[in-house]
Each structure stands twice: as C-alpha cells, then as structure tokens.
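Asks: First the structure, then my questions, so here it is.
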Amino acid sequence: MVLEPPVGRWTSGPIRARRPWTPRPSPSPLNTDDVLRIRRAAGVALDRYPGAVGQLIASELLDYADQGFRGDPEGLSERLIADLLGVATPRT
C-alpha cells in the first residue's frame, strides 16, 4: 500500500492509504462563490490572528483558492474555513 497526500496540497485533507493501481478521483473545480468564501476566511484569519500566524493561515488559504480545485470536504482546509467563518461542519 502507498501513503500519499490528498489531491492538491497537504493541507486539503488527511493522508490516506490507497493501492498503487487505484485511480485518483478527479477534483471538482471551485466556483466563484467558493473562491470568495475562501478569500473571506483568509481576511478573518488576518483579523483573528494578528502577526505571523494569521499571515501563514491567510497565505495557505489564498493558495488553496488559487489552485482552483476543491479539496476533501472533511479536509483541513475546509474545516479551517468553516471554523473561521463560524459555519458548522458536518460530523460523520
């Protein structure tokens, strides 16, 4: 079995195991509303966490928005956005 990062970036979800011959699911593209939501969360991060921590979070979120593809809905980036914007995340 091979351990590999999720589609896109390390910050878009947990590491998962998959067999080498298993094809990757194609990521869904971000629409304009999603990009605006991510950019709004980056602004909230700068306000909530002044200094280097807020800049790091905002930078990662802007990179996530610029990549143009949605990560894992349960992934770190989506959970961080939900937390910054005060939106409840679905629990499984």
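Asks: Regarding region 43-52, can at least one residue be identified that is modelled with pLDDT under 85, out of contact with any strand residue (DSSP E or B) (no Cβ under 6 Å at 6 or more places or on another chain) and either surrounded by 10 or more Cβ atoms within 10 Å (Cβ to Cβ) or outside any helix (DSSP H, G or I) (or both)?
Replies: Looking through region 43-52, none of the residues is modelled with pLDDT under 85, out of contact with any strand residue (DSSP E or B) (no Cβ under 6 Å at 6 or more places or on another chain) and either surrounded by 10 or more Cβ atoms within 10 Å (Cβ to Cβ) or outside any helix (DSSP H, G or I) (or both).
Asks: Report whether or not Thr22 is at pLDDT below 70, of a type in the set (S, T, N, Q) and part of a helix (DSSP H, G or I).
Replies: Spelling it out, it is not the case that Thr22 is at pLDDT below 70, of a type in the set (S, T, N, Q) and part of a helix (DSSP H, G or I).
Asks: With respect to Ser77, is the statement that it is in a helix (DSSP H, G or I) and either surrounded by fewer than 19 Cβ atoms within 10 Å (Cβ to Cβ) or in contact with a strand residue (DSSP E or B) (Cβ under 7 Å, 6 or more places away or on another chain) (or both) true?
Replies: no
The values are calculated or read from the model by the stated rules, or taken from the named source; none is laboratory data. The structure presented is a predicted model; accordingly, all values stated were derived computationally and were not measured. No Cβ is skipped: glycine too gets one built from the backbone with ideal geometry, and neighbour counts run over all protein chains shown.
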